[in-house]
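The values are calculated or read from the model by the stated rules, or taken from the named source; none is laboratory data. Predicted model, so just to flag it, every value in this text is computed and none were measured. Cβ placement follows ideal geometry from the backbone for every residue including glycine, while neighbour counts extend to all protein chains displayed.
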Amino acid sequence: MPTVGYYPGCSLEGTARDYADSIQGVCRKLGIELVELEDWSCCGATAAHSLDHELAIALPARNLILAQQQGLEDLTAPCALCFNRLKTAEKALKKKASEDPSTTPEGIQVRVWDLVEYFSRPEILDKIERGIVRPLQGLRAVCYYGCMVNRPPKVTDARAWENPTDMDRLVQTLGATVLDWPYKTDCCGASHAVARPDLVTALVGKLFRRALDQGANCMVVSCQMCHANLDLYQKRIAQEHQLPLPVPIFYFTDLIGLALGERSALNWMKRHMVDPEPLLASAGL
């Protein structure tokens, strides 16, 4: 059984428990052992980097040092914000070690993975494809990556930061129709939903309008902040922007579980604000 380090981050133990459960369920189905980082702590997202630069590096760096001490070579982060901060710390620690080897003589060997990138590795994608028992025909999806998981490329190492395709390829493997669209990496407003809900509804309204124009009947995400902004405010957005909502918002792990025949997949999705069951029923899923 392959093993991989797992940094859940704060929200997956709170408001995004459904995402955490889907990740655990899919990994069990695929025979992947998630090794949760022992004694992990908050990475500082979203505000630390705007308040104190050294603290914003120290918070995620502590987790990378713990991962190295625990013998983890790969560390997955399902949260786009956590991934971005951990990658920032990874780069900072490597730079510091190259400039002054006495500080971290062994260097940092842990590789931080975005969860979509990890699941898109050829050997895992092949295992997913061989395990499909319920192809997701009838779903017309746009994949929404958000603005943090691929940018800036000098931090994230993303090869196609303006037009990523890993999630598209993964969802297409599951049998769904994946529609191309130009807003894959636009911002949803993130935590501005608290201070500037008007800004978030404007940004998300634009995303929904273009997704519907492309013919989508659902959207697929890998970030719980994006999921919240797309899932929570659809009634208000429908009224303000005159859009025919609701539209189900799936985590990519929801769809993997559904395609693999994981019995608990519907339980994960029932905890979303927009009920996906009418769409799934109409598609014979």
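Of the residues Leu93, Leu136, only one is crowded, with 17+ Cβ neighbours inside 10 Å and either assigned by TED's automatic domain parsing to the domain that holds Val155 or not in a helix (DSSP H, G or I) (or both); which?
Leu136
Is there any pair with a first residue in segment 74-94 that is over 14 Å from Thr46 (Cβ atoms) and a second that is part of a helix (DSSP H, G or I) and of a type in the set (Gly, Ala, Ser) whose Cβ atoms are under 7 Å apart and which are 6 or more apart or on different chains, and what are they?
Going by the 7 Å Cβ cut-off, the qualifying pairs are Leu75/Ala67; Ala89/Ala61; Ala92/Ala61; Leu93/Ala61.
Let's see how each residue does on (1) of a type in the set (D, E, K, R); (2) surrounded by 15 or more Cβ atoms within 10 Å (Cβ to Cβ); (3) assigned to a helix (DSSP H, G or I):
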| site | (1), (2), (3) |
| --- | --- |
| Gly175 | no, yes, no |
| Asp180 | yes, no, no |
| Lys184 | yes, yes, no |
| Cys188 | no, yes, no |
| Val200 | no, yes, yes |
| Gly205 | no, yes, yes |
| Phe208 | no, yes, yes |
| Leu212 | no, yes, yes |
| Gly215 | no, no, no |
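Restricting attention to segment 143-166, does a residue exist that is at pLDDT 95 or above, more than 30 Å from Lys91 (Cα to Cα) and not in a helix (DSSP H, G or I)?
Looking for residues that are at pLDDT 95 or above, more than 30 Å from Lys91 (Cα to Cα) and not in a helix (DSSP H, G or I), one finds none in segment 143-166, hence no.
Report yes if some residue within segment 227-241 is assigned to a loop (DSSP other than H, G, I, E, B), at pLDDT 95 or above and within 30 Å of Gly31 (Cβ to Cβ); otherwise report no.
no
Looking at (1) touching a residue at least 60 places away in the same chain (Cβ under 8 Å); (2) surrounded by 21 or more Cβ atoms within 10 Å (Cβ to Cβ); (3) assigned to a loop (DSSP other than H, G, I, E, B), which is the only condition Val247 fails?
With (1) touching a residue at least 60 places away in the same chain (Cβ under 8 Å); (2) surrounded by 21 or more Cβ atoms within 10 Å (Cβ to Cβ); (3) assigned to a loop (DSSP other than H, G, I, E, B) applied to Val247, the lone miss is (1).
Can we say Ala238 is farther than 27 Å from Phe83 by Cα, more than 16 Å from the chain's Cα centre (by Cα), among the hydrophobic types (A, V, I, L, M, F, W, C) and surrounded by fewer than 21 Cβ atoms within 10 Å (Cβ to Cβ)?
Yes; evaluated as a whole, the condition is true for this residue.
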